[in-house]
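The structure appears below as structure tokens.
Read the figures in this text as sums done on the coordinates, not as results from a lab. Because the structure is a prediction, the values reported are computed rather than measured. No Cβ is skipped: glycine too gets one built from the backbone with ideal geometry, and neighbour counts run over all protein chains shown.
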């Protein structure tokens, strides 16, 4: 017997039984994004490695350790996208979307990072993200946060907390970086290997360490807020005023720096304690210099991304049902004449009722066997067509999910019956 092949570690199948949650989540998020005026953009999975080295930062865990990078047949270094912002910026520059105009865009799909798989975090994972270009004020930062808050409201997710911070301007961060480096140099013997390396390349990354043994040292480090420039301070204060005005609660987390080098000014995360150590379900912030850094004209940007696997895990635990994948009705056909007539009738019903989920029996089978299939499909009704129904130009309707007597409906009246009885039902 041939060896059974299995999926690559950290790259998981999403089975039909789980799809209802995913589809419900995606449909809800898509509807909110559209309602706020955001347009979808679809981006390639593969990009040139240079794109991520220049945007994310060469001295980050993602670029140094986690990217899936390889050389193609032409010798070009390519990488499976580890995040969506860099590709969205590249596409916007390449296709002229940023010339004298603002953009509200969103994307979705799989991302790839070679991390240690754990609950809610996999090597292939899925994100939905939104990016805005051409707007400098805290009002658009607030809009993005309001929009994410609306996701949680419509999905019934309650156990999330908003944390915000400001990283200030590049000049302010340069001053802070020097002070931070001096602080960590005084504690160099207590730093782990990664932190010692980052000490001389990007000491802000040390603040993002997950090493529990270093938390006390990190807690004693100087705070970025003490070095904010005036513009960034006013921007951050105005953002807080806007959030308070719409009733969104938040915590200021002075240690929040995010793991990507392109952020400036506003950064935010929605966190939960329901997913263990990996508690961030949505995160983002402002990256005003990234477009210019990747070769475009200077255009401000801000955005967020959220991990779908983590949200699905939370929704599953809360009993969220998602979209109903079950058919409204299952057509049982007994006999050759019924099969011929049933196929024609089914297509006519689908033409007239495009929202109806109608599953038609295939593979033959006795009346009893077909009814069992209808019940297993979780359909609400069985539509039964046999010789008697054909002669009378009727169809028998049998409730499967609730009590009730089966009735006969004329074939000409079936569409109206289904439209009222199924599609109009809550």
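Which shape class applies to the stretch 329-423: rounded if a/c is under 1.5, otherwise prolate when a/b exceeds b/c and oblate if not, where a ≥ b ≥ c are the square roots of the Cα gyration tensor eigenvalues? Present the calculation step by step, with values, prior to reporting the outcome.
Numbers: a/c = 1.30, a/b = 1.07, b/c = 1.21.
Since a/c stays below 1.5, the shape of the stretch 329-423 is classed as rounded.
With the contact rule set at Cα under 8 Å and sequence spacing of 6 or more, what percent relative contact order holds for the stretch 242-314?
Numbers: 92 pairs, mean separation 16.7, N = 73.
After rounding, I find 23 percent.
Cα axis of helix 367-376 to longest principal axis of the chain: angle in degrees, 0 to 90, nearest 10?
Once rounded, the angle reads 20 degrees.
Given the options 250, 122, 200, which has the most mean-square fluctuation in a GNM of the chain, springs set between C-alpha atoms less than 10 angstrom apart?
200
By counting other Cβ atoms within 10 Å of each Cβ, how are 73, 116, 198, 340 ranked from fewest to most? If you can, show how the numbers build up before the last one.
On the way: 73 5, 116 8, 198 24, 340 12.
Arranged by neighbour count, lowest to highest, 73, 116, 198, 340 become 73, 116, 340, 198.
In degrees between 0 and 90, to the nearest 10, how far off the longest principal axis of the chain does helix 85-94 point, with axes built from Cα atoms?
Result, in degrees: 90.
How would the stretch 171-282 be classified by its alpha-carbon gyration tensor: rounded, prolate or oblate, with rounded meaning a/c under 1.5 and the a/b versus b/c comparison settling the rest?
On the way: a/c = 2.41, a/b = 1.35, b/c = 1.78.
The shape class here is oblate.
Which three semi-axes in whole Å describe the equivalent ellipsoid of the stretch 20-72, each the square root of 5 times a Cα gyration tensor eigenvalue, listed largest first? Numbers along the way, then the final one.
On the way: eigenvalues 196, 38, 30 Å².
That gives 31, 14, 12 Å for the three semi-axes.
For the chain, set up a GNM with springs between Cα atoms under 10 Å and report which of 85, 69, 280 has the largest fluctuation.
Of the options given, 69 has the highest mean-square fluctuation.
Let me have the relative contact order for the chain, percent, based on Cα pairs under 8 Å that are six or more residues apart.
On the way: 697 pairs, mean separation 68.7, N = 426.
Computed over the chain, the figure is 16 percent.
Find the percent of Cα-Cα distances in the stretch 47-149 that exceed 22 Å, and round it to a whole number.
Working: 2192 of 5253 pairs.
Every Cα pair in the stretch 47-149 considered, those over 22 Å come to 42 percent.
Give the Cα extents of the chain along the principal axes, in whole Å, largest first.
Dimensions of the chain along the principal axes of its Cα atoms: 91, 60, 43 Å.
Given a Förster distance of 35 angstrom, what is the FRET efficiency for residue 161 paired with residue 45, based on the Cβ-Cβ distance and rounded to 0.05? Mind showing how you got there, number by number?
On the way: r = 32 Å, r/R0 = 0.93.
Efficiency computed from Cβ-Cβ geometry: 0.60.
Which ordering of 9, 197, 286 is given by a fewest-first count of other beta-carbon atoms within 10 Å?
Taking fewest neighbouring Cβ atoms as first place, the list is 9, 197, 286.
Top mean-square fluctuation among 323, 385, 242, Gaussian network model of the chain, C-alpha springs under 10 Å?
Comparing 323, 385, 242 in the GNM, the peak value goes to 385.
Tell me the relative contact order for the stretch 329-423 as a rounded percent, counting alpha carbon contacts under 8 Å between residues six or more apart.
Normalised by residue count, the contact order of the stretch 329-423 is 30 percent.
Compute the angle between helix 170-185 and the longest alpha-carbon principal axis of the chain, please, reported from 0 to 90 degrees and rounded to the nearest 10.
Between helix and principal axis, roughly 70 degrees.
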